[in-house]
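The structure appears below as structure tokens.
The values are calculated or read from the model by the stated rules, or taken from the named source; none is laboratory data. The shown structure was predicted, so the numbers you read here are calculated from the model rather than taken from an experiment. Here the Cβ positions follow ideal geometry from the backbone for every residue, glycine too, while neighbour counts run over all protein chains shown.
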Amino acid sequence: MQQHRLPSRQHPPRPSRSRTLTGLLASAAATAGLLLTALAPGAQAVAANPYERGPAPTNASIEASRGSYATSQTSVSSLAVSGFGGGTIYYPTSTADGTFGAVVISPGFTAYQSSIAWLGPRLASQGFVVFTIDTNTTLDQPDSRGRQLLSALDYLTQRSSVRTRVDASRLGVMGHSMGGGGSLEAAKSRTSLKAAIPLTGWNTDKTWPELRTPTLVVGADGDTVAPVGTHSEPFYESLPGSLDKAYLELRGASHFTPNSSNTTIAKYSLSWLKRFIDNDTRYEQFLCPIPRPSLTIAEYRGTCPHTS
């Protein structure tokens with residue numbers, strides 16, 4: 001086979017000066033991009049999670065009685081709704097950050113929304129739309145309160161005056177006593193919920209293996225109405241092992257501790273809602289490592305959040 005060789009004194013053509021310059025510029029741009037990526041991880045994280053609301057949290061900011069958002073509120077008459085008893089919506093006044101996740105909160109047996117009203121502005125000022133509700137009657141049982149929580153969520157996202165401020169794909173439920181039992185019922189019925197927080201919850205159903213919603217169970221060491229041994233602890237232990245879950249037992253607390261402003265309840269409820277409704281991993285630092293016993297925490301158990 002005949003082979004063709006370059007003459008011994010001939011060399012391959014050199015690239016033109018313009019091609020060389022183009023290559024150098026491309027290489028420099030790639031290097032600059034790598035440097036920017038390494039130097040600005042925060043910008044990358046913000047772009048990756050459009051649901052973050054508010055500044056980076058600190059222990060002081062999540063324990064504060066108010067967050068960074070100015071809030072307003074609007075009353076909802078029981079005559080204007082069906083399926084629950086009306087209530088009060090608390091929401092950030094600014095729309096600059098887009099929509100917000102939302103949470104509906106139910107009171108307990110014989111109680112009204114006033115018993116859990118302190119959570120409204122406290123959570124709303126951290127970047128949530130919060131709906132504290134009255135139930136159809138003060139004697140409604142947990143299964144009924146669960147349905148009412150879902151009816152209130154539907155009203156909030158579909159008919160309320162602030163519906164355009166709410167991201168209907170990022171919702172949660174909370175409740176005190178029978179309202180806490182109702183939050184478990186709601187999460188069982190609607191698995192798309194992003195977070196559930198029963199506060200010293202009461203329910204005749206003690207096992208919840210069906211739940212698919214990240215759940216923070218809050219009990220009180222001095223609870224004689226819904227003792228942790230027969231309510232909060234069995235609730236927590238029955239949740240699936242694969243689920244993001246936690247059990248917070250308040251020290252020196254009673255069944256009615258959630259009815260007044262409480263820093264420990266607010267701190268961990270906020271962190272839970274931020275992590276699972278907003279997918280905001282900046283709040284994982286308050287949930288993992290597992291909080292240790294303290295003057296206000298008798299016990300804390302949990303699975304560290306499964307970072308996605």
Close pairs (7 angstrom Cβ cut-off, 6 or more residues apart or separate chains): under 18 Å from Leu287 (Cβ atoms) in region 48-65, β-branched (Val, Ile, Thr) anywhere: Glu52/Val46; Glu63/Thr263
Being in contact with a helix residue (DSSP H, G or I) (Cβ under 9 Å, 6 or more places away or on another chain) and either part of a loop (DSSP other than H, G, I, E, B) or of a type in the set (Lys, Arg) (or both) is the filter here, so list the residues in region 290-308 that pass it. Pro291, Ser294, Thr296, Arg301, Cys304, Pro305, Thr307, Ser308
Looking at Arg170, Arg165, which one is closer than 26 Å to Asn59 by Cβ, surrounded by fewer than 24 Cβ atoms within 10 Å (Cβ to Cβ) and touching a residue at least 60 places away in the same chain (Cβ under 8 Å)? Arg170
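May I ask you to verify whether Leu287 is crowded, with 20+ Cβ neighbours inside 10 Å, touching a helix residue (DSSP H, G or I) at 6+ places or on another chain (Cβ under 9 Å) and hydrophobic (A, V, I, L, M, F, W, C)? Please lay out each step first, then the result.
Numbers: crowded, with 20+ Cβ neighbours inside 10 Å: yes; touching a helix residue (DSSP H, G or I) at 6+ places or on another chain (Cβ under 9 Å): yes; hydrophobic (A, V, I, L, M, F, W, C): yes.
Spelling it out, Leu287 is indeed crowded, with 20+ Cβ neighbours inside 10 Å, touching a helix residue (DSSP H, G or I) at 6+ places or on another chain (Cβ under 9 Å) and hydrophobic (A, V, I, L, M, F, W, C).
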Tally time: how many residues in region 124-152 are buried (at least 24 other Cβ atoms within 10 Å of the Cβ), in contact with a helix residue (DSSP H, G or I) (Cβ under 8 Å, 6 or more places away or on another chain) and in a helix (DSSP H, G or I)? 5
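Quick check: is even one residue across region 63-81 in contact with a Leu (Cβ under 6 Å, 6 or more places away or on another chain), modelled with pLDDT of 95 or more, closer than 25 Å to Asn279 by Cβ and surrounded by 13 or more Cβ atoms within 10 Å (Cβ to Cβ)? Before you say what the answer is, go through the steps one by one.
Initial filter on region 63-81 (in contact with a Leu (Cβ under 6 Å, 6 or more places away or on another chain)): none.
For region 63-81, residues in contact with a Leu (Cβ under 6 Å, 6 or more places away or on another chain), modelled with pLDDT of 95 or more, closer than 25 Å to Asn279 by Cβ and surrounded by 13 or more Cβ atoms within 10 Å (Cβ to Cβ): absent.
Tally the residues that are of a type in the set (A, V, I, L, M) and free of Cβ contacts under 8 Å to residues at least 24 places away in the same chain, restricting the search to region 89-117.
The initial filter retains those residues of region 89-117 that are of a type in the set (A, V, I, L, M), namely 89, 96, 102-105, 111, 116-117.
When the remaining residues are screened for being free of Cβ contacts under 8 Å to residues at least 24 places away in the same chain, the result is 96.
Qualifying residue count, region 89-117: 1.
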Specify the residue that is surrounded by the most Cβ atoms within 10 Å (Cβ to Cβ); the eligible residues are those in region 243-261 that are within 18 Å of the chain's Cα centre (by Cα) and not acidic (Asp, Glu). Leu248
